[in-house]
Amino acid sequence: MATSLNRGVQSMIEQIDAPMATFFSACVHCGLCADACLFYTETQDPKYTPIHKLAPMRRVWQQEFTFWGKLMSKLGLSKPVTDAELAEWEPLVYDSCTLCGRCSLVCPVGNDIAYMVRKMREGMVASGHAPDGLKGATRRAIELGSPMGITIKTLQAHFKHAEQETGLVVPLDREGADYLLVLSSAEIANFSEIIPAVTRIFHQADVSWTMASDGFEATNSGIQIGSSDLAAELVNRIVKAAERLKVKYVISPECGHAYTALRWEGPNLIGRPYPFEVVHIIELLDQLRGEGRLRTTGMDDTRMTFHDPCQMVRRGGVINQPRNLLNMFAPNFVEMPDAGVQNWCCGGGGGVSANPRADELRLKVFSKKKSQLEAIDVTTVVTSCSNCRTMLEEGLEHNHMDLNVIGLTELIAQHLASPEKQ
Amino acid sequence: MNQQELLDFVRGTGLQIAAAVFVLGMVYRMLHLMLLGRKKNLAAPRGTEWGPGLRTMWHRSIPSVGLTSRGYFIVISGYIFHLGFLITLLFLSQHIDLFRSVFGFGWPALSPGLITITAILTIAAMIALLVHRYTDPVKRLISDYQDYLTWTLTFLPLLTGIMLKQGIALGYQQMLIVHIITLELLMIATPFTKLVHMFTTFSARWYNGAISGFKGIKV
């Protein structure tokens, strides 16, 4: 255990770079971040204050990087971080933080607290203090290729259904295609309608695409648990497949953390830039719309709204594209309060949904989303993250709210202009 | 050392020592932080870092995300205290005179009455923030001894300043000595405590804006 604790503390020290140390030194303990975090606003429990979740790592910074801290440590007057303390902090760092980054938007001194929690998780994993649920998901991802245990056989079965439904071929391992599509476990397992949907859309838009038998899983549990080594291995599977198939682009699917993992962290994890570009599927669909290659037909009068996935919007920068797409066919689209970069998390991002211990708390804090939705009285919630979609479905069910939840790509496919109408 | 000599010392050598600790300490802290560096970002950028970083440096001064009543209290009291402290420090005629005697130039002062009102408002805001720190469950949980120490170190120059100006307690010269010493303590403590945020706030904001800017997100 001592070795494990040492590894954790050592890992935290290694994670402290210029931004991290600057953030710790700038914090004035004003407590404003609490009001930005749904785990605090919905429980009023001060332990969920975002910056408090970093308290053990802050002491590591103080003891290793500041004059007084070092002096106090030398004199034996400082309180070293212990295993018991990290065990106590584990639920704060994992169960009650979705890395949504709303606190990073609010902090008056500019601390990117989500960046800090992401780094602290590296130390938590190294010290052995990560939730069993996430450990299991990560192990399955490494050993089986998918956190939900999905294999290429499962995927091929879905391809068959999609081909029967659409009369089109779902391309697999097609070398020289422009785009490689990867999917998240949740999409394959729960929302496999996405496969015929993209097949039809890409056929209409004449997109040269493929999927890869050795790199189809986009979910990155390594990012969620906070292990760069494991996250790199998972990203590398996609990179290798993309290089093997010589594609120009990899399409990140409707999954928030997959986008963060693939688009922003990936090259840094594997230590080199990609020889291809990463594009979010919603970015690509909006580009196709702009080029006139994506055409819908008719109008959908349903009163609907869009739930912004944190990693795609606030942390990912794909903000206007879903609105542009919805504007094609949804005249009764309404924004919920705080929509866009300030949107509130579904409660299940950052690995929270893969951690059954957090279920009760997650459903409790869904009250924030509930009040956002009640304020606009809609019948359909559109989103573009399969994890958000599952969390919304569960949260709405838990609160006896009768709303439809649908993925944006799937909704577009439902309104796709048929070839003869083009 | 008699009282006059003590005053000359605290106003002369004492102030020079405090200023040297402040300047060198801050340079050391800022260099130390910057030299920790950060890894080159190998992801393809969607935007730039410098512009959004600089924008966030000033833009974060204005709360852009909806505040709760608790948030309004913290922001408004914080503004009154920070601005009030700066106005009192920079626009009291005696402070400008001291500055002029060292650097050879100065600027117009505000009227003594206005400075007194500002100082009282600043003191009131600081007391309100202290009470809030102790009574608000969030702030109480996240506060440590430094929060109370730095509050005291910031409060004392204001308190002794107003006591000096209003002739409350001690003789003028004695009070002046105490007032200058409290300021020197504040200057010496700054590089080694959370008061360093007077500089790091801006570098932290730059990093925040730059991280988002790289991804093409406006924050």
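Residues checked against (1) more than 15 Å from the chain's Cα centre (by Cα); (2) β-branched (Val, Ile, Thr); (3) within 11 Å of another protein chain (Cβ to nearest Cβ); (4) closer than 25 Å to residue A:388 by Cα:
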{"position": "A:237", "(1), (2), (3), (4)": "yes, no, no, yes"}
{"position": "A:245", "(1), (2), (3), (4)": "yes, no, no, no"}
{"position": "A:260", "(1), (2), (3), (4)": "no, yes, yes, yes"}
{"position": "A:290", "(1), (2), (3), (4)": "yes, no, no, no"}
{"position": "A:293", "(1), (2), (3), (4)": "yes, no, no, no"}
{"position": "A:304", "(1), (2), (3), (4)": "yes, no, no, yes"}
{"position": "A:316", "(1), (2), (3), (4)": "no, no, yes, yes"}
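Considering every residue within the range B:158-169, establish whether at least one is at positive phi, within 14 Å of another protein chain (Cβ to nearest Cβ) and in a loop (DSSP other than H, G, I, E, B).
The initial filter retains those residues of the range B:158-169 that are at positive phi, namely B:167, B:169.
After this cut, where a residue has to be within 14 Å of another protein chain (Cβ to nearest Cβ) as well, the list is none.
Within the range B:158-169 (the criterion being at positive phi, within 14 Å of another protein chain (Cβ to nearest Cβ) and in a loop (DSSP other than H, G, I, E, B)), the answer is no, since none of the residues qualifies.
Of the residues A:125, A:109, A:117, A:81, which single one is farther than 30 Å from residue A:345 by Cα, crowded, with 20+ Cβ neighbours inside 10 Å and either without any contact (Cβ under 8 Å) to a residue 60 or more places away in the chain or not small (Gly, Ala, Ser) (or both)? None of the others qualify; the one that does is A:81. What do you reckon, is residue B:33 under 30 Å from residue B:173 (Cβ atoms), in contact (Cβ under 8 Å) with a residue 40 or more places away in the chain and surrounded by 13 or more Cβ atoms within 10 Å (Cβ to Cβ)? Judged against the criteria, residue B:33 is not a match.
The number of residues in the range B:172-205 being part of a helix (DSSP H, G or I) and within 14 Å of chain A (Cβ to nearest Cβ) comes to 17. Residue B:216 fulfils the conditions (1) surrounded by fewer than 20 Cβ atoms within 10 Å (Cβ to Cβ); (2) assigned to a helix (DSSP H, G or I); (3) of a type outside the set (Phe, Trp, Tyr) except for a single criterion, (2).
Select, from A:131, A:50, A:56, the only residue that is within 20 Å of residue A:314 (Cα to Cα) and modelled with pLDDT of 95 or more. If you could, list the steps in order and put the result at the bottom.
Values: A:131 fails: within 20 Å of residue A:314 (Cα to Cα); A:56 fails: within 20 Å of residue A:314 (Cα to Cα).
Within the list A:131, A:50, A:56, the selection yields A:50.
Here residue A:77 meets each of (1) part of a helix (DSSP H, G or I); (2) within 13 Å of chain B (Cβ to nearest Cβ); (3) not aromatic (Phe, Trp, Tyr) with one exception, condition (1).
Condition check ((1) basic (Lys, Arg); (2) surrounded by 17 or more Cβ atoms within 10 Å (Cβ to Cβ); (3) over 17 Å from residue A:112 (Cα atoms)) across all residues:
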residue	(1), (2), (3)
B:20	no, no, yes
B:28	no, no, yes
B:46	yes, no, yes
B:62	no, no, no
B:94	no, no, yes
B:106	no, no, yes
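Quick test for you: out of B:117, B:180, B:127, B:168, pick the one residue that is surrounded by 18 or more Cβ atoms within 10 Å (Cβ to Cβ), more than 13 Å from the chain's Cα centre (by Cα) and among the β-branched types (Val, Ile, Thr). On inspection, the qualifying residue turns out to be B:180. Considering only the range B:17-36, I want to know if a residue exists there that is among the small types (Gly, Ala, Ser), under 20 Å from the mean Cα position of the chain (by Cα) and within 11 Å of chain A (Cβ to nearest Cβ). Within the range B:17-36 (the criterion being among the small types (Gly, Ala, Ser), under 20 Å from the mean Cα position of the chain (by Cα) and within 11 Å of chain A (Cβ to nearest Cβ)), the answer is yes, since at least one residue qualifies.
Given the structure, is residue A:94 buried (at least 17 other Cβ atoms within 10 Å of the Cβ) and free of Cβ contacts under 8 Å to residues at least 12 places away in the same chain?
On the way: buried (at least 17 other Cβ atoms within 10 Å of the Cβ): yes; free of Cβ contacts under 8 Å to residues at least 12 places away in the same chain: no.
For residue A:94, the condition - buried (at least 17 other Cβ atoms within 10 Å of the Cβ) and free of Cβ contacts under 8 Å to residues at least 12 places away in the same chain - is not met.
Taking residue B:78 as the residue in question, decide whether it is in contact (Cβ under 8 Å) with a residue 24 or more places away in the chain, under 30 Å from residue A:340 (Cα atoms) and not acidic (Asp, Glu). It is true that residue B:78 is in contact (Cβ under 8 Å) with a residue 24 or more places away in the chain, under 30 Å from residue A:340 (Cα atoms) and not acidic (Asp, Glu). Residue-level analysis places residue A:110 among those that are on the phi > 0 side of the Ramachandran plot, within 11 Å of another protein chain (Cβ to nearest Cβ) and outside any helix (DSSP H, G or I). Against the criterion of being more than 10 Å from chain B (Cβ to nearest Cβ) and farther than 20 Å from residue A:121 by Cβ, residue A:64 does not qualify.
Applying the criterion of at least 2 residues that are under 29 Å from residue A:43 (Cα atoms) and more than 10 Å from chain A (Cβ to nearest Cβ) to the helices (runs of 4 or more DSSP H) found wholly in the range B:51-154 leaves B:69-91, B:112-135. Residues of the range A:122-148 that are within 15 Å of residue A:4 (Cβ to Cβ) and in a helix (DSSP H, G or I): A:122, A:123, A:124, A:125, A:126, A:135. In the set B:14, B:47, B:25, only one residue is modelled with pLDDT of 95 or more, out of contact with any Pro (no Cβ under 9 Å at 6 or more places or on another chain) and in a helix (DSSP H, G or I); that residue is B:14. Residues in the range A:1-39 that are of a type in the set (S, T, N, Q) and surrounded by 21 or more Cβ atoms within 10 Å (Cβ to Cβ) were compared, and the one that is farthest from the other protein chains (Cβ to nearest Cβ) is A:11. Which of the residues belonging to the range B:105-123 are touching a residue at least 24 places away in the same chain (Cβ under 8 Å) and among the aliphatic types (A, V, I, L, M)? The answer is B:115, B:119, B:120, B:121, B:123.
The values are calculated or read from the model by the stated rules, or taken from the named source; none is laboratory data. Quick caveat: nothing in here was measured; it's all calculated off a predicted structure. With ideal geometry, Cβ positions are generated from the backbone for all residues, glycine too; neighbour counts draw on all protein chains shown.
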